[in-house]
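See structure below.
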Amino acid sequence: MSGLRPDLAVIAEHVAPGSRVLDVGCGDGALMAALRDQRHVDARGMELDAHNVAECVARGLSVIQGDADTDLAYYPDAVFDYAILSQTLQTTRRPDKVLGELLRVGRRAFVSFPNFGHWRVRLSLLWNGRMPVTRSLPVSWYATENIHHLTVADFRALVEELGVKVEGAWFLASDGQVGAAGANWRAEHAVFLLSR
């Protein structure tokens with residue numbers, strides 16, 4: 001879907017029309033609005049930032065202010081067809097617990113994250129000896145919301161450890177999608193579709 005960030009476009013393309021969706025860490029609501037308007041999805045959101053919540057409400061979206069680390073517990077089991085966590089997993093205190101909660105409230109879950117194993121990140125760290133600032137990680141280490149730095153390989157290991165099924169995976173670079181074989185060093189962002 002045009003106008004969306006690349007990882008959100010991948011997610012939007014693969015959400016079934018008419019689904020019930022919870023977008024956790026929904027930001028300004030761009031994905032929810034696209035799903036509502038183009039896929040006729042019943043989209044709900046949870047967002048920590050009050051300014052983003054106000055933007056979502058101004059768009060006519062159903063959003064609550066909440067924290068993925070604690071507030072997913074208030075939702076009943078399997079109430080959504082999809083739970084979405086885009087570019088938020090690395091900002092949570094316990095990504096493993098949040099992932100479990102996503103798959104409890106949603107029958108399936110989309111998770112996207114920046115790949116800290118990308119070759120530019122590795123090269124910057126090697127060359128400069130400092131935490132990198134790159135196109136996909138544009139904020140210095142002391143100002144970033146990222147508290148967990150994960151790679152595609154780290155995420156694959158986590159889902160295997162948790163017994164989570166990977167139904168689909170997309171690996172994004174500035175020039176489009178890259179194959180799974182080289183994703184850990186070539187992908188800037190990853191998108192996974194998961195289920196139990």
Practice task
Answer with yes or no whether residue 125 is surrounded by 19 or more Cβ atoms within 10 Å (Cβ to Cβ) and among the hydrophobic types (A, V, I, L, M, F, W, C).
Solution key: no
Exercise for the section: Would you tally the residues in the range 60-89 being under 23 Å from residue 13 (Cβ atoms) and either in a helix (DSSP H, G or I) or among the charged types (D, E, K, R) (or both)? Expected result: 2
Fill in the blank from the handout: Among the residues of the range 71-101, the number that are within 18 Å of residue 112 (Cα to Cα), of a type in the set (Phe, Trp, Tyr) and surrounded by fewer than 18 Cβ atoms within 10 Å (Cβ to Cβ) is 0
Exercise for the section: Looking only at the range 139-149, decide whether some residue is among the small types (Gly, Ala, Ser) and either outside any loop (DSSP other than H, G, I, E, B) or surrounded by 15 or more Cβ atoms within 10 Å (Cβ to Cβ) (or both). Expected result: no
Exercise for the section: Would you check which residues across the range 135-165 are free of Cβ contacts under 8 Å to residues at least 40 places away in the same chain and of a type in the set (S, T, N, Q) and list them? Expected result: 140, 144, 151
Exercise for the section: Give the number of residues within the range 117-131 that are under 21 Å from the mean Cα position of the chain (by Cα) and not in a helix (DSSP H, G or I). Expected result: 2
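Taken together, the values in this text are just the output of simple stated rules run on the coordinates, not laboratory data. This is a predicted model, so every value here is computed, not measured. Note that we place each Cβ from the backbone using ideal geometry, even for glycine, and neighbour counts take in every protein chain shown.
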